[in-house]
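Trainee: My questions all concern the structure below.
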Amino acid sequence: MVIAHSLPEDEIAALCVQAYGLHGELERLPGENLNYLLSTAPGERYILKLAGDELPADVIQLEYMMIEHLVSAGIGLSLPRILPNRDGHIETRVDLADGMKLRARLLEFVDGAPWCQAGESGPDLLRDFGRRLAEIDRTLSSLDHPAAHRSHRWDLTAANTHREKVALIEDPERRRLVERAFHVYAACALPHLPELPHSIIHSDANDENVMVEGGRVVGLLDFADSLYNPTICELAVALAYAMLERTEPLETGAQILAGYHEVRPLSPTELQVLFPLISGRLCTTVAVAAERRTIDPDHPNWYVTESRAWDLLERLAILHPVQAADMLSAHIDLKPEQGSGSDIPGLLRDRKAYIGPSLSIAYREPLKMVRGLGQYLFDSEGEPYLDLVNNVCHVGHCHPHVVAAGQGQMARLNTNTRYLYDELTAYAARLAGTLPDPLDVCFFVNSGSEANELALRLAETYTGRSDWLVVDNAYHGNTSRLVALSPYKFMGPGGKGQPEPWVHVVPMPDGYRGIYRGQDRQVGEAYGDAVGEVIATVEAPIAGFLAESLAGVGGQIIPPPGYFRRAFEHIRAAGGVCIIDEVQVGFGRAGTHFWAFEQQGVVPDIVVMGKPIGNGHPMAAVVTTRPIAEAFASGMEFFSTFGGNPVSCAIGMAVLDVIEQEDLQRHALELGSHFLDGLRALKVRHERIGDVRGTGLFLGLELVRDRVTLEPAAPEASELVERMKARGVLLSTDGPLHNVIKIKPPMVLDRQDVDMVLRMLDDELRILPA
Ligand SMILES: Cc1ncc(COP(=O)(O)O)c(C=O)c1O
């Protein structure tokens, strides 16, 4: 551009004559680009555009093709047709004296006045605009061009790439606002875009490019941002601009949408993603402006839309996505899917009437969930929540491959394990293949509790003993025996407060606040030896040791290296069986290994798995060694009506497919270490964080009031969880002191989610009351 300024006007005039045979008056048009008005006779006007060599020739070719296509379809709008030069080329190359090059294009003059100057905005014009836009989209849907398959700064499908710029916005309230709008975009629009109709779109129908005259849209300028996109992005961009500075922005949008829908009817999904896309566009505007401000805060053209975009974002922030879609569709018969069923007070009343009162409900203000998708849950208002809690929907809520596998098998066959069918053995072989030898015999049941119960029976039959060692603060299930084996329960509210005589509790291998805190010795081995010390106090011979490989409810504890090796040595020396409960953490969550116990270089005698195994379908498994399985075949049959049924096996298989195909274990490792790094950086900034720990996508954040005394900050942890929920992020607290924030999301979480959560935690920790 700098070079182009130096091209004298007489040379430009000469160019017009030589290349186009046109004589006339030249006038430089305002704006960043080098555009000139060329008037050759009264009423005969052209635009001459000069650009550097940076504009790819194929993009100009794309513009040319689009406009010609629209003209030949008789679109009836005045468009900036590119006029070929005397040699028949749509561009004229100009060699400058200093060796630089310019490219010139001559365009037909477009009728009308830019909408922003015309001062018209009645419903007729809005509807006309909608209809015109839809005609353009409908016409362009039959065109394709390789250059359109590109992305650029304003590509609405790539708005997420601007999300990290939120950190550059200084005002915390504005950061909060744009964070939420980006979140709505990412959760409610992005996942649906691939399935929507795509076509080449103009992608920049703003009020400077739309030309109006006599209350009608008569022309459209500037095809430079055109690209192949979900077609609905056209309307979203147009609405994001048209709704700026309106007293009733959604009514403005609704009028344009009504006109559009008349010509190119929207699908329900297109209507559903429209508001989130508008949010994405407004976010892009303010995020790009924030970034640009760090480069040149006084640039004349960079901030023209910014303050109006903030204003609109602020006004839209009070709306839920379904409510916004409802308002945008006010004048058409298509309506967004509304939450059905009872409202929250009604559901609470019915739960009280019909459901056992021992159940708790998450959050001060309960959430009514109506849909799940990937890493998101949606409430009845369509509000998205990033789910950082649900390790059950391991490969993502409602993963289509898992859903299809379950539906397909349900429609084909569901029976029990007393018949032969391929699904059982195929799944068992595949599952056993994920475990080290000699763990290769599978039993299938329906819940983690049932699986742990069965594991106990296997071990007891094998050893002929019934005394057990368990880890302090552990939880293993809801049956009487498992409650008796879960210190989290029997020591917790409503519990007996002491173990049964056959239950022996060993210390939790907690490197942060456990009994060996601050000691120089190898703490893993020390905690392992503590297992031996407890065995020495037990009079009866022990049946075995039941332990979670990583402690969940105990507070996201990662046992120190060497712990299980030493503990297993003691157990086996005493003739006991080692059971590892992987119900919370198995199936690649730990990142480094498929099974978390593998991190410790041990092989248990029995592995118990549940939760993620069926991505939410109730199933669980126990895998053991041949000798233990054979000892269990003592004459009494083991049968579970539903365990291992073909539907469960098909679902389990599909979960393994997704983990493999989407490389989720590696993803957990990489994203988990990025998350961990971010949490550690927060710890440096916030005294309240006492400890950060985790592996893969199993992470914990322990809050304390004092880093020396480790006084737990339990109310603060709960408050932080509530505040994050208010911002659309689901977390929970746990640990014996209720001060650990647990992070164990569906494994399809992405980097933008993690960065958003880190930014939000940073903001909230800064203002968290003591
Ligand atoms: C480690 C562990 N084991 C077992 C269970 C019991 O599983 P379920 O609720 O499927 O019976 C749980 C459930 O939270 C668990 O966290």
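The values are calculated or read from the model by the stated rules, or taken from the named source; none is laboratory data. These figures come from a predicted structure and were not determined experimentally. Note: ideal-geometry Cβ built from the backbone for every residue, glycine included; neighbour counts use all protein chains shown.
Trainee: For the subset of region 569-593 comprising residues that are buried (at least 23 other Cβ atoms within 10 Å of the Cβ) and β-branched (V, I, T), which member is farthest from the chain's Cα centre (by Cα)?
Mentor: I571
Trainee: Going through region 439-461 one residue at a time, which ones are in contact with a Leu (Cβ under 8 Å, 6 or more places away or on another chain) and either basic (K, R) or near the ligand (Cβ under 8 Å from one of its atoms) (or both)?
Mentor: If the condition is that a residue be in contact with a Leu (Cβ under 8 Å, 6 or more places away or on another chain) and either basic (K, R) or near the ligand (Cβ under 8 Å from one of its atoms) (or both), then S449, N452 are the ones that fit.
Trainee: Restricting to region 540-562, give me the number of residues that are more than 35 Å from the chain's Cα centre (by Cα), surrounded by 24 or more Cβ atoms within 10 Å (Cβ to Cβ) and more than 21 Å from T624 (Cα to Cα).
Mentor: 0
Trainee: Output the residues belonging to region 166-194 that are farther than 24 Å from Q272 by Cβ and surrounded by fewer than 21 Cβ atoms within 10 Å (Cβ to Cβ).
Mentor: Listed by number, the residues that qualify are A167, L168, E170, D171, P172, E173, R174, R175, R176.
Trainee: Where in region 1-102 are there helices (runs of 4 or more DSSP H), lying wholly inside it, with at least 2 residues that are of a type in the set (A, V, I, L, M, F, W, C) and more than 24 Å from H299 (Cβ to Cβ)?
Mentor: By residue number, 9-20, 57-72.
Trainee: When both residues are 6+ apart or on different chains and their Cβ atoms are under 9 Å apart, which pairs have a first residue that lies in region 543-554 and is closer than 15 Å to V531 by Cα and assigned to a strand (DSSP E or B), and a second that is within 10 Å of the ligand (Cβ to nearest atom) and of a type in the set (D, E)?
Mentor: Close Cβ pairs (under 9 Å, with a partner that is within 10 Å of the ligand (Cβ to nearest atom) and of a type in the set (D, E)) amount to L546/D581; A547/D581; E548/D581; E548/E582.
Trainee: Only one of these conditions is not met by M747: (1) buried (at least 20 other Cβ atoms within 10 Å of the Cβ); (2) outside any loop (DSSP other than H, G, I, E, B). Which number is it?
Mentor: The failed condition is (2).
Trainee: Right, another one. Specify the residue that is nearest to L367 (Cα to Cα); the eligible residues are those in region 324-348 that are at pLDDT below 95 and among the charged types (D, E, K, R).
Mentor: The residue in question is D343.
So that you can scan it fast, the table gives a plain yes or no per residue for (1) of a type in the set (A, V, I, L, M); (2) modelled with pLDDT under 95; (3) assigned to a helix (DSSP H, G or I):
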{"residue": "S121", "(1), (2), (3)": "no, yes, no"}
{"residue": "D128", "(1), (2), (3)": "no, no, yes"}
{"residue": "A134", "(1), (2), (3)": "yes, no, yes"}
{"residue": "S142", "(1), (2), (3)": "no, no, no"}
{"residue": "H152", "(1), (2), (3)": "no, yes, no"}
{"residue": "T157", "(1), (2), (3)": "no, no, yes"}
{"residue": "N160", "(1), (2), (3)": "no, no, yes"}
{"residue": "E170", "(1), (2), (3)": "no, yes, no"}
{"residue": "R175", "(1), (2), (3)": "no, no, yes"}
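Trainee: Would you check if A526 is in a loop (DSSP other than H, G, I, E, B), of a type in the set (A, V, I, L, M) and more than 12 Å from the ligand (Cβ to nearest atom)?
Mentor: no
Trainee: Same structure, new question: Looking only at residues in region 586-610 that are assigned to a loop (DSSP other than H, G, I, E, B) and among the charged types (D, E, K, R), which one is farthest from the ligand (Cβ to nearest atom)?
Mentor: In this case the residue turns out to be D605.
Trainee: Residues G610, G696, G652: which one is within 30 Å of R766 (Cα to Cα) and in contact with a helix residue (DSSP H, G or I) (Cβ under 6 Å, 6 or more places away or on another chain)?
Mentor: G696
Trainee: Yes or no: region 622-630 includes at least one residue that is touching a helix residue (DSSP H, G or I) at 6+ places or on another chain (Cβ under 8 Å) and closer than 30 Å to R521 by Cβ.
Mentor: Within region 622-630, not a single residue is touching a helix residue (DSSP H, G or I) at 6+ places or on another chain (Cβ under 8 Å) and closer than 30 Å to R521 by Cβ.
Trainee: Which numbered condition trips up F490, out of (1) of a type outside the set (V, I, T); (2) in contact with a Lys or Arg (Cβ under 6 Å, 6 or more places away or on another chain); (3) surrounded by 22 or more Cβ atoms within 10 Å (Cβ to Cβ)?
Mentor: Exception for F490: condition (3).
Trainee: If Q409 passes every condition in (1) of a type in the set (S, T, N, Q); (2) part of a loop (DSSP other than H, G, I, E, B); (3) more than 16 Å from the ligand (Cβ to nearest atom); (4) in contact (Cβ under 8 Å) with a residue 60 or more places away in the chain but one, which one does it miss?
Mentor: Only one criterion is unmet by Q409, namely (2).
Trainee: Does region 614-626 include one or more residues that are among the aliphatic types (A, V, I, L, M), over 26 Å from the mean Cα position of the chain (by Cα), within 23 Å of A459 (Cα to Cα) and more than 16 Å from the ligand (Cβ to nearest atom)?
Mentor: Within region 614-626, none of the residues are among the aliphatic types (A, V, I, L, M), over 26 Å from the mean Cα position of the chain (by Cα), within 23 Å of A459 (Cα to Cα) and more than 16 Å from the ligand (Cβ to nearest atom).
Trainee: Kindly check whether there is at least one residue in region 479-498 that is touching a helix residue (DSSP H, G or I) at 6+ places or on another chain (Cβ under 7 Å), within 15 Å of the ligand (Cβ to nearest atom), in contact (Cβ under 8 Å) with a residue 40 or more places away in the chain and closer than 22 Å to V538 by Cα.
Mentor: no
Results for (1) part of a loop (DSSP other than H, G, I, E, B); (2) at positive phi, shown as yes or no for each residue.
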position: L420; (1), (2): yes, no
position: L424; (1), (2): no, no
position: C442; (1), (2): no, no
position: N452; (1), (2): no, no
position: L456; (1), (2): no, no
position: A459; (1), (2): no, no
position: N478; (1), (2): yes, no
position: V483; (1), (2): no, no
position: G494; (1), (2): yes, yes
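Trainee: Kindly indicate whether E208 is in contact with a helix residue (DSSP H, G or I) (Cβ under 8 Å, 6 or more places away or on another chain) and either part of a loop (DSSP other than H, G, I, E, B) or on the phi > 0 side of the Ramachandran plot (or both).
Mentor: In short, yes.
Trainee: Also: For region 677-728, which positions are among the polar types (S, T, N, Q) and touching a residue at least 12 places away in the same chain (Cβ under 8 Å)?
Mentor: Selection gives T695, S718.
Trainee: Further, regarding this structure: Out of all the residues in region 504-524, which are of a type in the set (V, I, T), out of contact with any Phe, Trp or Tyr (no Cβ under 6 Å at 6 or more places or on another chain) and surrounded by 19 or more Cβ atoms within 10 Å (Cβ to Cβ)?
Mentor: V505, V506
Trainee: Residues in region 533-585 that are β-branched (V, I, T), under 17 Å from R465 (Cβ atoms) and within 12 Å of the ligand (Cβ to nearest atom): how many?
Mentor: Qualifying residue count for the region: 1.
Trainee: Of the residues R349, R315, which single one is under 30 Å from N478 (Cβ atoms) and of a type in the set (D, E, K, R)?
Mentor: Step by step, each of R349, R315 is checked, and only R349 is under 30 Å from N478 (Cβ atoms) and of a type in the set (D, E, K, R).
Trainee: Considering every residue within region 84-104, establish whether at least one is within 20 Å of N209 (Cα to Cα) and at pLDDT 90 or above.
Mentor: Within region 84-104, none of the residues are within 20 Å of N209 (Cα to Cα) and at pLDDT 90 or above.
Trainee: From the list T285, T269, T294, which residue is touching an Asp or Glu at 6+ places or on another chain (Cβ under 8 Å), within 22 Å of V166 (Cα to Cα) and not in a loop (DSSP other than H, G, I, E, B)?
Mentor: T285
Trainee: Taking the stated definitions as given, is P769 surrounded by 20 or more Cβ atoms within 10 Å (Cβ to Cβ) and assigned to a loop (DSSP other than H, G, I, E, B)?
Mentor: Considered against the rule, which asks whether it is surrounded by 20 or more Cβ atoms within 10 Å (Cβ to Cβ) and assigned to a loop (DSSP other than H, G, I, E, B), P769 comes out as no.
Trainee: Checking G382 against (1) small (G, A, S); (2) more than 16 Å from the ligand (Cβ to nearest atom); (3) touching a strand residue (DSSP E or B) at 6+ places or on another chain (Cβ under 7 Å); (4) closer than 23 Å to P746 by Cβ, which single condition isn't satisfied?
Mentor: Checking G382 against (1) small (G, A, S); (2) more than 16 Å from the ligand (Cβ to nearest atom); (3) touching a strand residue (DSSP E or B) at 6+ places or on another chain (Cβ under 7 Å); (4) closer than 23 Å to P746 by Cβ, the one that fails is (3).
Trainee: Residues to consider are S358, S340; find the one that is exposed (fewer than 10 other Cβ atoms within 10 Å of the Cβ) and under 26 Å from the mean Cα position of the chain (by Cα).
Mentor: The conditions single out S340.
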